[in-house]
Each structure stands twice: as C-alpha cells, then as structure tokens.
Amino acid sequence: MEKKKNNAFTIMKDDSTDGHGGYGVGAISLENMSPVIVDPHEKTAYVDMAAMHARSQVERRVRFQNDKDKVQDGKRYWIVWVTVQNSKEGPYYLGAAASEIIVDRPNRIAYKSMPEHVKHMEQSMKGMYVLEHMDDLSKELLLEFFKTYKPEFWERTSKDLGNQLQ
C-alpha cells in the first residue's frame with residue numbers, strides 16, 4: 001500500500017536572512033496577515049484564520065471550479081487580506097486587498113481565482129489598499145469592522161484606507 005503524501009502548508013516564522021542559507025531562506029512571513037471574510041448577504045465581517053489554508057467556513061464542503069460562469073447562482077463573498085504593522089505609536093492596518101469568492105452552496109460548487117488571491121496577499125503585505133472593486137455594501141461592512149474590531153489600530157491607519165472604503 002502506498003503511503004499518502006502529506007502536502008501540509010507551512011507558514012514560515014521569522015525570515016531566515018541572517019546569512020546562513022538553508023531551510024526557509026527567502027520565505028515570506030505571513031504572521032502579520034489575517035483574512036477578513038465579508039459576507040454582504042448576512043451583513044457581517046469577521047476574521048477567519050482558516051482562510052489562510054483555504055479552509056474558511058465559506059470555502060468548506062464545496063468543489064472549486066476554474067470557470068466563473070459555472071457558478072452562476074452563487075453568492076459573492078470577499079476575503080480581505082489584511083496586514084498589520086507595528087509603528088512607534090502602535091499597530092495599524094498597513095495593507096488590505098479584497099479577493100472575490102463565489103459560492104453556490106445548494107450545488108456545492110464555488111469559484112475563486114488563486115492567482116488573484118496570491119496577488120492580493122502580496123499587495124497587502126506591500127502596504128497597498130486594493131478595495132475599489134468591492135460593492136458599496138461590502139465596503140461599508142469592512143469599514144465598520146475596521147472601526148470597531150480594533151479602534152486603536154484604525155486611528156493609527158493611513159486615511160487612504162478610509163478613503164477607499166467611502
């Protein structure tokens with residue numbers, strides 16, 4: 001009997017760039033990133049760390065399709081990749097980028113573009129706000145989430161984030 005390969009996704013902590021090469025050199029640290037799920041149907045926004053491994057409540061028990069047209073009766077959700085940075089004053093939201101996910105729960109199918117998610121994660125880590133493509137209700141929900149989840153983070157965050165969500 002062949003042993004099943006374990007393809008566990010590993011998040012590297014503390015980038016090993018101290019000159020010693022070896023395992024983990026050049027790895028990207030995702031420890032300051034959190035996925036926020038915006039659900040415009042239930043009018044909620046919440047952190048779901050399982051989305052880091054494509055295992056959020058929204059993504060569970062569905063088969064992903066490569067073609068958006070195959071998921072015509074689906075509901076749109078947003079996974080917003082949020083990066084937190086520390087400054088002298090304290091932590092703030094450095095970057096945020098929203099990626100679309102469409103889920104047709106009755107038919108157990110869904111659509112998401114993995115290259116888009118990876119690109120948005122990278123943009124968030126680089127301190128960009130990529131939220132202009134979100135619908136107005138989702139922007140309002142995300143804005144309210146940022147203001148109430150950690151108000152002190154929001155106060156230290158660039159006004160550019162608020163401008164994109166207005």
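Descriptive notes on the structure:
- Flag for ASP104 being over 10 Å from the mean Cα position of the chain (by Cα), among the acidic types (Asp, Glu), farther than 17 Å from PHE145 by Cα and surrounded by 13 or more Cβ atoms within 10 Å (Cβ to Cβ): yes
- Selection of segment 143-166 for residues being at pLDDT 95 or above, more than 18 Å from MET128 (Cα to Cα) and of a type in the set (D, E, K, R) yields GLU144, LYS147, GLU152.
- Among the residues of this structure, VAL118 counts as one that is among the β-branched types (Val, Ile, Thr) and under 21 Å from ASN32 (Cβ atoms).
- Matching residues in segment 129-157 - criterion: being surrounded by fewer than 17 Cβ atoms within 10 Å (Cβ to Cβ), without any contact (Cβ under 8 Å) to a residue 40 or more places away in the chain and not acidic (Asp, Glu): HIS133, LYS147, THR148, PRO151
The values are calculated or read from the model by the stated rules, or taken from the named source; none is laboratory data. If you're wondering where the values come from, they're calculated on a predicted model, not measured in any experiment. Neighbour counts run over all protein chains shown; Cβ positions are idealised from the backbone, glycine included.
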